[in-house]
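Notes follow the structure.
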Amino acid sequence: MKFSVVTILPELIEPALAAGVVGRARDAGVITVETVNPRDFTSDRHRTVDDTPYGGGPGMVMKPEPLLAAIASASGGSTPEASAADGTPTPRAHRVLLTPAGRPLTQARVRELAQRPHLVLVCGRYEGIDERVIELAIDEEVSIGDYVLSGGELGALVVIDACARLVPVVLGEATSADDESHSAGLLEYPHYTRPPKLVADRDGEKVELEVPAVLASGNHAAIAAWRRAQSLQRTATRRPDLYARHRLTDAEKKLAPPPLHARTHLALVHHPVFDRTGKIVTTSLTNFDIHDLARSTMTYGLAAYHIVTPVTSQREKAAHIASLWLEDPDTKAAARKPPKSGSRAGALALIRTADAIETVVAELTAEYGTAPLVVATSARSDSFPGAPRRSPTELLAEASLDPAPMLLVLGTGWGLADHLIPSVSRLLAPIEGASDWNHLSVRSAGAILLDRLFGRPPEER
Ligand code: 4GY
């Protein structure tokens, strides 16, 4: 594979490619790197490559003519394909400009670029290059990240390094590059080597760090499973964006706990909540809230819906409304195949009542053998000051791999009395629209939230 770097600072390129894997690939002739300097394509006495910007503003712009000539010289040929007439296949190189305005470089894009026999990497300097050069002589703009460098050279080096390690070598063992492709889209598992017990100093304190026992067990299946689980866990916590896009394989599903929706419980809290004046009150049940949130609970496949009120007669009323709803033939038919048969018949366990949120927490702890992750929702961003904020994606990433149940707590009235609900350990960011009038009904907010967490995106239907 050949790389031609178009740059007015060729001295930046050479030394960075002399050592390591890339250096050896060059020595072996697997890749070749040349530099082409636009300054060598000037005709004035000062070898000028820049000029002032039209329209004014700071800095200079790279002149089109020397740059165009350098790119043409580096690329060979002037047509994208070989001319079929003489039959000699000499297609022009693929011409890439390094710029923060380009398509983000990913491993998938690197794999595509590495298929090309010849890449021309064009490096801008100053404030930028004349736009017409891009129009005339650039096939693709690539960005190595959302920051601004003083020139494209470091970007070109990144592209060369990432491509070079994928180019198959003629001699020697296969690189570890293909090992990564089957964990594509996930972060790597942690690596260890000897010694098995590392004695070291951490901030003046002597510590002993051991290698995870499974890695020395000789059990290859167990090692592979551990590594895959580590990959999944790291990706979920460090890169929720990558994790959200990852489709779990059947093997990975076995490593992961049951789907989060099936162990998520919804609680509608009538006490302790605020009234409009900030006083702690107990609100009354409303028929709409019970019905609509029950429907949402069912639609999104949650484990149960808990109606929380300290008033005994209100709990009885809730149980009555629930029984009517569950007796409805349509509801019955849908509820006959509950996601997982729990302790009681699935459908009847769908709507439950409790005197306090702590009671629900205790029930779930007993049922699952582990305490639930209690997540509050609030229209006010200053409530639950001690609980870390989570976006739905972050919450999914965090809760999906942990086998504990999740309890989503919705408040009635003017919101949950945060200081009286200490079991809450996460806060979902408020649901906001474009206006600053923010008074969604609890059943609307609940439905939106469930869709953000568990709704299948339209493109997957
Ligand atoms: N980010 N990814 C990047 C860059 C420097 C002014 C145009 C980046 O790839 N290249 O920051 N390049 C600028 C400097 C001219 C290129």
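Of the residues ALA236, ALA262, ALA303, ALA244, only one is in contact (Cβ under 8 Å) with a residue 60 or more places away in the chain and in contact with a Leu (Cβ under 6 Å, 6 or more places away or on another chain); which?
ALA236
All but one of (1) out of contact with any strand residue (DSSP E or B) (no Cβ under 8 Å at 6 or more places or on another chain); (2) crowded, with 17+ Cβ neighbours inside 10 Å hold for ARG380; state the number of the condition that does not hold.
(2)
Residues that are closer than 17 Å to GLU153 by Cα and touching a Gly at 6+ places or on another chain (Cβ under 8 Å): which strands (runs of 3 or more DSSP E) entirely in the range 1-120 hold 2 or more of them?
94-104
Regarding TYR192, is this residue away from the ligand (no atom under 15 Å from the Cβ), within 27 Å of the chain's Cα centre (by Cα) and at pLDDT 95 or above?
When the stated conditions are applied, TYR192 passes them.
How many residues, within the range 104-129, are farther than 23 Å from ILE8 by Cα and away from the ligand (no atom under 14 Å from the Cβ)?
8
When the range 269-290 is examined, which residues are found to be touching a helix residue (DSSP H, G or I) at 6+ places or on another chain (Cβ under 6 Å) and of a type outside the set (Val, Ile, Thr)?
Result: PRO272, LEU285, ASP289.
Take the range 240-297 and flag every residue that is assigned to a helix (DSSP H, G or I) and within 24 Å of GLY413 (Cα to Cα).
Selection gives ASN287, PHE288, ASP289, ILE290, HIS291, ASP292, LEU293, ALA294, ARG295, SER296, THR297.
Using the structure shown, decide if SER383 is in contact with a helix residue (DSSP H, G or I) (Cβ under 8 Å, 6 or more places away or on another chain), assigned to a loop (DSSP other than H, G, I, E, B) and at pLDDT below 95.
Yes, satisfied.
Here is a yes/no grid of residues against (1) of a type in the set (A, V, I, L, M); (2) surrounded by fewer than 20 Cβ atoms within 10 Å (Cβ to Cβ); (3) on the phi > 0 side of the Ramachandran plot; (4) touching a residue at least 12 places away in the same chain (Cβ under 8 Å):
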| position | (1), (2), (3), (4) |
| --- | --- |
| ARG389 | no, yes, no, yes |
| ASP402 | no, yes, no, yes |
| PRO405 | no, no, no, yes |
| LEU410 | yes, no, no, yes |
| ASP436 | no, yes, no, no |
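Looking at ASP146 and the list (1) of a type in the set (Asp, Glu); (2) in contact (Cβ under 8 Å) with a residue 24 or more places away in the chain; (3) under 19 Å from VAL6 (Cβ atoms), which single condition is not satisfied?
Against the list (1) of a type in the set (Asp, Glu); (2) in contact (Cβ under 8 Å) with a residue 24 or more places away in the chain; (3) under 19 Å from VAL6 (Cβ atoms), ASP146 comes up short only on (3).
Considering only residues of the range 438-461 that are of a type in the set (D, E, K, R) and touching a helix residue (DSSP H, G or I) at 6+ places or on another chain (Cβ under 7 Å), which is surrounded by the most Cβ atoms within 10 Å (Cβ to Cβ)?
Across the range 438-461, the extreme among qualifying residues is ARG443.
Can ALA19 be described as touching a residue at least 12 places away in the same chain (Cβ under 8 Å) and small (Gly, Ala, Ser)?
So ALA19 fails the test.
Which ones in the range 130-173 are outside any loop (DSSP other than H, G, I, E, B), within 12 Å of the ligand (Cβ to nearest atom) and more than 20 Å from PRO104 (Cβ to Cβ)?
Correct list: GLU131, VAL133.
The values are calculated or read from the model by the stated rules, or taken from the named source; none is laboratory data. Keep in mind that this is a model prediction, so the values were computed, not measured. All Cβ positions, even for glycine, are placed from backbone atoms using ideal geometry, and neighbour counts span all protein chains on display.
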